[in-house]
Amino acid sequence: MIEEETKPSDQVRGQNHLDHETFEAVVAAVESADSDRLQELLEPLHEADIADLIEELDRNQRRELIRVWGIDVDGAALSELEEGVRDEIIAEMGDEALAAAVQDLETDDVVYLTEDLEGPQQERILRMLDDADRVAVRQSLTYEEFSAGRLMQREVVVAPEHWSVGDAIDYMRAEDHLPESFYGLVIADPQMHPVGMVSLGRLMGSARPTRLKDIMEEDLRTLNVSQPQEDVAYIFNKYHIISAPVVDDDGRLVGLITIDDAMDVLEDEAEEDMKLLAGVGDEELNDGVLEIAKARFIWLTVNLITAILASVVIAQFTDTIESLVALAVLMPIVASMGGNAGTQTLTVAVRALATHSLTPRNIRRFIGREGLVGLINGVGFAVLIGVLSAVFYSNWALGAVIATAMIGNMVVAAFAGVMVPIALDRLKLDPALASGTFVTTITDVFGFFAFLGLAGAVLL
């Protein structure tokens, strides 16, 4: 058997991810202004990998990349970029390249590209679209930010109830402008109210004379244009749906949301919660130094204020600490254990609120469970640290004091980790917003006060 020689071009076509060699080859092609080589390297890559590559380049390299890439810039890759990098790239692109990039994008991707741009830049992209797409994108931009109306795509395959499977197949074969990816047909009545859906699998598995009405899924979950996008993602995740029609306030079909967009929202919401818990806002990897420093400074200032509050508590027990130096050694243990326990409970509570798992119906059970967990762990660590402290300092009273303070602070931490995010949620604020700072402050203040107060009363 003769083995077929593997050509370099075949190896390139088989590559579907970004590795170091590809990155270096792209940089070399950009520096040598070799547009053919650049296109050869980028063509087999997924748009998400191209976006990663662009984000790893520095500002000058990005500018040169756009110049060498020319009118072949991948519009889908632009929609995968971080906001700051995306705006920078669009500003560098010429009108011809920009027109070529956005012409083949779905309307939801164009909305994503344009929604955060300044007016002139936004109009520049809209001018590149054909009339129908321009109207659709403008309409989507009128909906509230982070709503189903912004998230949806306007391209929907719609069929009437009286059509047969054959009618639908013939229609799709003859249609020149089907969505790039879709999972089924929306069945609508004459007033454009969605009444069901037929998946592509069921469509292709049915005989041509079969009526769409007989095979459609009538248990249809529709989304209103004003629904928050996190609710949209929750519905997709809970009910395991892959696409859902979006309707206006009159119940008429205006668009469709697919599972890929819903999963992007889930990822974004999880990332946002993680960042808020750490106090870094919506910071991105490619943000400028001053921009990052300014955003972090605000949260660090809040932390400074809470640290001062804890120090004020300690200052009230200066004489107690001076009388028994061991207290200064042991008191950080009580505060640290409480802070860590509070953060654990806080993380579970914030996630439960985000996924709608924590509701008014089970909130008491959840609070009771976390309080009991805090008590059990508190007793366990109280025995451990109490015995160690008593043996090390030959003072069993000191061991009893730190053990008691440990139990109290662990229970308080558990309750604080639940109640702080719930309180923020009731105030219509993001439960992750500064929750960590508040919980840590509560456990520090209570821990210091309980330990030093007990020590002053019992030991002195």
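The values are calculated or read from the model by the stated rules, or taken from the named source; none is laboratory data. What you see is a predicted model; the values in this text were computed from it and never measured. Please note: Cβ atoms are built from the backbone with ideal geometry, for glycine as well, and neighbour counts cover all protein chains shown.
Laid out as a table, the results:
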{"quantity": "The stretch 218-270, residues that are acidic (Asp, Glu) and either at pLDDT below 90 or surrounded by 21 or more Cβ atoms within 10 Å (Cβ to Cβ) (or both)", "calculated": "Glu218, Asp219, Glu230, Asp260, Asp261, Asp264, Glu267, Asp268, Glu269"}
{"quantity": "Condition check for Arg59: among the basic types (Lys, Arg) and closer than 28 Å to Val30 by Cα", "calculated": "yes"}
{"quantity": "Hey, Asp273 outside the structural domain of Ile187 (by TED's automatic domain parsing), buried (at least 18 other Cβ atoms within 10 Å of the Cβ), out of contact with any strand residue (DSSP E or B) (no Cβ under 6 Å at 6 or more places or on another chain) and of a type outside the set (A, V, I, L, M, F, W, C) or not", "calculated": "yes"}
{"quantity": "Failed condition for Glu96, given (1) under 22 Å from Leu53 (Cβ atoms); (2) assigned to a helix (DSSP H, G or I)", "calculated": "(1)"}
{"quantity": "Within the stretch 286-306, tally of residues that are hydrophobic (A, V, I, L, M, F, W, C), touching a residue at least 60 places away in the same chain (Cβ under 8 Å) and farther than 25 Å from Asp87 by Cβ", "calculated": "1"}
{"quantity": "Meets criteria (under 16 Å from Arg252 (Cβ atoms), modelled with pLDDT of 90 or more and part of a strand (DSSP E or B)) for Val156", "calculated": "no"}
{"quantity": "Looking only at the stretch 416-440, and only at residues there that are of a type in the set (S, T, N, Q) and crowded, with 22+ Cβ neighbours inside 10 Å, the one that is modelled with the highest pLDDT", "calculated": "Thr440"}
{"quantity": "Selection count, the stretch 132-171, where residues are touching a Ser or Thr at 6+ places or on another chain (Cβ under 8 Å), among the hydroxyl-bearing types (Ser, Thr, Tyr) and over 19 Å from Ser243 (Cα atoms)", "calculated": "2"}
{"quantity": "Residue tally, condition touching a helix residue (DSSP H, G or I) at 6+ places or on another chain (Cβ under 6 Å) and more than 28 Å from Asp250 (Cα to Cα), over the stretch 167-202", "calculated": "1"}
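To keep it simple, each residue is scored yes or no on (1) at pLDDT 90 or above; (2) in a helix (DSSP H, G or I); (3) β-branched (Val, Ile, Thr).
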| residue | (1), (2), (3) |
| --- | --- |
| Trp299 | no, yes, no |
| Asn303 | no, yes, no |
| Val312 | yes, yes, yes |
| Thr320 | no, yes, yes |
| Val334 | yes, yes, yes |
| Arg351 | no, yes, no |
| Gly374 | yes, yes, no |
